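Student: Here's a structure for you.
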Amino acid sequence: QVQLVESGGGLVQAGGSLRLSCAASGRTFSNYAMGWFRQAPGKEREFVAAISCSGGRLYYAASVKGRFTISSDNAKNTGDLQMNSMKPEKTAVYYCAAQPNDLLTMNPSSYNSWGQGTKVPVSS
């Protein structure tokens, strides 16, 4: 497994932007596909976006496509999630996750490494 630590969370206004980062350590990051998930209070964890090991393939949830951008930098062992046009109903804790099978999947069970999460409250 790879160890993951998210950063960049914080209060953002509806319609605003925020960039989350995920720092990886412990294994070769380039061997892992990465995903971002979010969990709103009282709701199940929801897939947001995924990126392949090489960064060449991307996958987005329909609800964020066109507004969010996932990226990774294997040289720096980091991954980012740029979020634009934030919606107030999507206040949540955001998690980055990684899995070694290079799958672009929205299934959280496919990921074997998780960060601790970073809170993103969205004010209306």
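Student: Go through the stretch 3-18 residue by residue and turn each phi into a ³J(HN,Hα) via Karplus (6.51, -1.76, 1.60, θ = phi - 60°); whole Hz please, and just put x for glycine and proline.
Tutor: 8, 10, 9, 8, 8, x, x, x, 5, 9, 7, 4, x, x, 10, 7
Student: Mind checking which of 23, 82, 2 is farthest towards the positive end of the chain's charge dipole, using Cβ charges of +1 (Lys, Arg) and -1 (Asp, Glu) about the Cα centre?
Tutor: Value computed over the given set: 82.
Student: What whole number of Å gives the distance from the Cα centroid of the stretch 15-60 to the Cα centroid of the stretch 70-124?
Tutor: Going from one Cα centre to the other spans 3 Å.
Student: Mind putting a number on the dipole of the chain about its Cα centre? Charges go on the C-beta only, +1 for Lys and Arg and -1 for Asp and Glu, and I need it in Debye to the nearest 20.
Tutor: About 180 debye.
Student: Would you work out the charge dipole size for the stretch 55-113 about its Cα centre, treating the Cβ of every Lys and Arg as +1 and the Cβ of every Asp and Glu as -1, and quote it to the nearest 20 debye?
Tutor: I would put it at about 180 debye.
Student: Each residue of the stretch 69-76 in turn: what ³J(HN,Hα) in whole Hz from Karplus with 6.51, -1.76, 1.60 and θ = phi - 60°, glycine and Pro shown as x?
Tutor: 9, 9, 8, 8, 9, 5, 5, 9
Student: Is the stretch 38-77 best put as rounded, prolate or oblate by its Cα gyration tensor, with a ≥ b ≥ c the root eigenvalues, rounded for a/c under 1.5, and otherwise prolate when a/b is larger than b/c, oblate when not?
Tutor: In terms of gyration-tensor shape, prolate.
Student: Hey, another quick one. What's the longest uninterrupted piece of the chain once you rule out the trypsin sites (Lys or Arg not before Pro) that are loop residues per DSSP with at most 16 other Cβ within 10 Å?
Tutor: Maximal segment without exposed cleavage sites: 77-124.
Student: What cysteines in the chain have no other cysteine with a beta carbon less than 4.7 Å from their beta carbon?
Tutor: 53
Student: Could I have the simple spin-label model distance between residue 43 and residue 3, label points 7 Å from Cα toward Cβ, reported in nm to one decimal?
Tutor: Going from the residue 43 label point to the residue 3 one covers 3.2 nm.
Student: In addition: Among the DSSP beta bridges whose two residues both lie in the chain, what percent are antiparallel, rounded to the nearest 5?
Tutor: Bridges in the chain are about 90 percent antiparallel.
Student: Sticking with this one: State in Å² the accessible area per residue of the chain; use a 1.4 Å probe, count heavy atoms of protein chains only, and round to the nearest integer.
Tutor: Per-residue value: 49 Å².
Student: Run the numbers on the chain and let me know its relative contact order in percent, using alpha-carbon pairs under 8 Å that are six or more apart.
Tutor: Normalised by residue count, the contact order of the chain is 37 percent.
Student: Put +1 on the Cβ of every Lys and Arg and -1 on every Asp and Glu Cβ in the chain; which of 51, 34, 124 then has its Cα farthest towards the positive end of the dipole?
Tutor: Of the candidates, 124 comes out farthest on the positive side.
Student: Could you please report the charge total around residue 41, scoring K, R as +1 and D, E as -1 over all other residues with beta-carbon less than 13 angstrom from its beta-carbon?
Tutor: Net charge around residue 41: +2.
Student: Measuring from label point to label point, each 7 Å out along Cα→Cβ, what is the residue 14 to residue 76 span in nm?
Tutor: Result for the modelled spin labels: 3.3 nm.
The values are calculated or read from the model by the stated rules, or taken from the named source; none is laboratory data. Everything numeric in this text was worked out from a predicted model, so none of it was measured. With ideal geometry, Cβ positions are generated from the backbone for all residues, glycine too; neighbour counts draw on all protein chains shown. Please note that ligands, DNA and RNA were not included when accessible areas were found on the heavy atoms of the full protein model with its side chains. Shrake-Rupley method; radii C 1.70, N 1.55, O 1.52, S 1.80 Å.
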